[in-house]
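Just below is one structure, and these are the notes that go with it.
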Amino acid sequence: MVEWVHSILLKNQSLWAAKIPNVTSWVWRKILQTRGLAQPFIRHIVGNGNNISFWFDTWHPLGPLYKRFTGNLLYSFGCKPHALVSEIIVDGRWRWPVGRKATAEVKRFKEATPECLVPLTMFEDQVVWNGSSSRVFNAKNAVKKSRGSREEVTWAKLV
C-alpha cells in the first residue's frame, strides 16, 4: 500500500512537497491539506539515513531543511531535492562540502548541526511521534494536538 501511494498518488515526490492535484479523491485532498498540522509532531532519528529525506523530513534540529535554506545547500552537497540523508554520510561521518562549495549557507547548517547528531550507520532510521508521551501515533492524540490545548469551561459538564 505504501509503495502504491508513493508511486501513484505522490508520483515519487515527498509527501511534504507534493502539490494537491486538481482531480483527486476528497480523502487524498484532505490528507494533503492537513499534512502541515502533523509535520511538527513527526521526528526522524538518523540511523543509516537510508529512509530519511535530507531536504523534507524533520531529522535536523532546525526542522525540515527546505523551510530554512535555499536550494543552494542541496547544490553544495551535490544532492537533488529527493536525496536521502545517507547520501551525505561517508564512512559513518557527515560529508561536509569543502572549498568553494563550503558556502555561508553550508557553514550555517554545519554550525546548527550538534556534534551529538552523528549518523549511526549500523542502525535503521526511526520515525517517532512527538504528539504524545508514549511517542506512538494514535488518531486521538493527533486530533488533540492539531486542535491545540484549550482550558475546560465551567459549563462543559452540562452539555
Selection status of residue 85, exposed (fewer than 12 other Cβ atoms within 10 Å of the Cβ) and either under 30 Å from residue 140 (Cα atoms) or touching a Gly at 6+ places or on another chain (Cβ under 6 Å) (or both): no
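Name the residues in region 91-146 that are charged (D, E, K, R), in a loop (DSSP other than H, G, I, E, B) and at pLDDT below 85, would you? Break it down into steps so the answer makes sense when it comes.
Pass one, region 91-146, residues charged (D, E, K, R): 91, 93, 95, 100-101, 105, 107-108, 110-111, 115, 124-125, 135, 140, 144-145.
After this cut, where a residue has to be in a loop (DSSP other than H, G, I, E, B) as well, the list is 91, 95, 115, 124-125, 135.
Within region 91-146, 91, 115, 135 meet the criteria.
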The listed residue being part of a helix (DSSP H, G or I) and not charged (D, E, K, R), out of 76, 14: 76
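If I filter region 12-31 for residues that are among the polar types (S, T, N, Q) and under 23 Å from residue 134 (Cβ atoms), do I get at least one hit?
Taking region 12-31 as the starting set, the residues that turn out to be among the polar types (S, T, N, Q) are 12-14, 22, 24-25.
From the residues that got through so far, the ones that are under 23 Å from residue 134 (Cβ atoms) too are none.
The answer is no, given that none of the residues of region 12-31 is among the polar types (S, T, N, Q) and under 23 Å from residue 134 (Cβ atoms).
The values are calculated or read from the model by the stated rules, or taken from the named source; none is laboratory data. Keep in mind the model is a prediction, meaning the values are calculated, not measured. Please note: Cβ atoms are built from the backbone with ideal geometry, for glycine as well, and neighbour counts cover all protein chains shown.
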